[in-house]
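Worksheet for the structure shown next.
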Amino acid sequence: MRKYISLLILICSLNIYAAELPPAPQPEALQAAVNAFIEAYGTKENITRMTHWDGSIGSPMSFFMSIPFCCDSKDDKLNAVLNAFVTDENNSYQYVHETPGTGLLYSVSFGERRYITRKNNNQEFYMLCVKNLTNPRFRDMYAISFVKKKHTYEGTLFRIKSPRPDYKEEEAKDVVSLKNFYVVGQMDKELIDSVKYVYVNGPNSISSMDKIAWRENVVDGRFVYKDEAYKDSEIWVSYIYKSGKISDRHVVKVIPGAILHVNFHKDGHDIVRVETDYTDDENSKDKQKMAKADETLNNYSVMLKAVNDQIRELRSVPEDAPDHSEVKKRLSELHKTARDITKKMQDLVEKMEFELK
């Protein structure tokens, strides 16, 4: 039976899908430097992205990204990437640095093909591999090959998630279960005619190999995004207006195994409901508790939406308006009311979680 649960279940710590496992060491400095580099130099025209499944049910996804670049030899973002390879060497199980004129050539398998990551000995080359955060059968590989010219660096940056060639079967106990989740987005009236499509980033949804700006088309003010995660996580949503302008990021919390319905507006979003599945008996006490809690949560959600509507309306009052000081005071009161309602919703969900264990 499909059940509708609202809002604050998203921000509670419901670790119901997997026990906490010691995480594999992660190259956090390199992750941050690579993300900043891609954001600065990656475009939909020059980034190559591919995904691959081995065909079996529930198999993890492999992920391949390459970004060719040409930038100044003093570029801060590129040099941050190179420095981060060295910084994170101790957080990897494999680290390679080849200088021009020496060393081997390198390639990596992806699906049924191999891709060359270092084409010739004239290229300087860095490679770092770590165990994937959620599945030790897989590795996250970061690599960069480039040629130094007079004032520029020209090369390619790679990020790859793929099966580990050195995997040992006894490591299977560390595998974390992934579950699908969906975000069903609906634009409000002020956006429905102005937004062309949205970019969705899932930085924490699977592992350190976060997705970069997957584009979802908006049709009649609506879009649907699907991903997978092993614990409560978040995505970032940015609007791409028909004028070409891009909005700020909107952070939306998600949980695995759920369908999240969200109304988006210019300054934020409202969570309408979350759909989950359960099969309790129709007349069970648990079902009755859930029904009562759901009714209360829906009422809180209506109240919270009304408060948010008032906040948005008051934010449109010009700062030079004669009564703007009163507007600021009223906004402060409304924000407090919103926090109080949110706290009550969170308390209710946590209470239900405890009672239904």
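The values are calculated or read from the model by the stated rules, or taken from the named source; none is laboratory data. Since the structure is predicted, the reported quantities are computational estimates derived from the model, not experimental observations. Every residue, glycine among them, receives a Cβ derived from its backbone with ideal geometry; neighbour counts consider all protein chains shown. Accessible surface is based on the protein model in full, side chains and every heavy atom, while ligands, DNA and RNA are left aside. Shrake-Rupley method; radii C 1.70, N 1.55, O 1.52, S 1.80 Å.
Let's see how each residue does on (1) open to solvent by 20 Å² or more (accessible area, probe 1.4 Å); (2) not in a strand (DSSP E or B):
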site	(1), (2)
Met50	yes, no
Phe64	no, no
Phe69	no, no
Leu78	no, yes
Asn90	yes, yes
Gly101	yes, yes
Ser107	yes, no
Arg114	yes, no
Asn122	yes, yes
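In the stretch 333-354, which residue that is farther than 30 Å from Leu314 by Cα and surrounded by 12 or more Cβ atoms within 10 Å (Cβ to Cβ) is modelled with the highest pLDDT?
Lys351
Among the residues of the stretch 129-150, which ones are part of a strand (DSSP E or B) and not hydrophobic (A, V, I, L, M, F, W, C)?
Lys131, Arg139, Asp140, Tyr142, Ser145, Lys148
Do the conditions hold for Val274, that is, is it at pLDDT below 80, in a strand (DSSP E or B) and surrounded by 15 or more Cβ atoms within 10 Å (Cβ to Cβ)?
Answer is yes for this residue.
Looking at (1) open to solvent by less than 10 Å² (accessible area, probe 1.4 Å); (2) at pLDDT below 90; (3) of a type in the set (Val, Ile, Thr), which is the one condition that is false for Ile144?
Condition (2) is where Ile144 drops out.
Taking Asn15 and the conditions (1) in a strand (DSSP E or B); (2) at pLDDT below 65; (3) surrounded by fewer than 15 Cβ atoms within 10 Å (Cβ to Cβ); (4) not small (Gly, Ala, Ser), which numbered condition does it fall short on, given that it satisfies the others?
In the conditions (1) in a strand (DSSP E or B); (2) at pLDDT below 65; (3) surrounded by fewer than 15 Cβ atoms within 10 Å (Cβ to Cβ); (4) not small (Gly, Ala, Ser), Asn15 misses (1) alone.
Given the criteria at pLDDT below 75 and among the aliphatic types (A, V, I, L, M), does Val176 qualify?
Here the answer is yes, as Val176 does meet what is asked.
Run Thr134 past the list (1) open to solvent by 10 Å² or more (accessible area, probe 1.4 Å); (2) hydroxyl-bearing (Ser, Thr, Tyr); (3) modelled with pLDDT under 85 and report the number of the one that doesn't hold.
The failed condition is (1).
List the number of the failed condition for Glu39; all other conditions in (1) at pLDDT below 85; (2) open to solvent by less than 80 Å² (accessible area, probe 1.4 Å); (3) outside any loop (DSSP other than H, G, I, E, B); (4) over 30 Å from Ala338 (Cβ atoms) hold.
(2)
Which of the following residues is among the aromatic types (Phe, Trp, Tyr), assigned to a strand (DSSP E or B) and modelled with pLDDT under 90: Tyr153, Tyr95, Tyr197, Tyr126?
Tyr197
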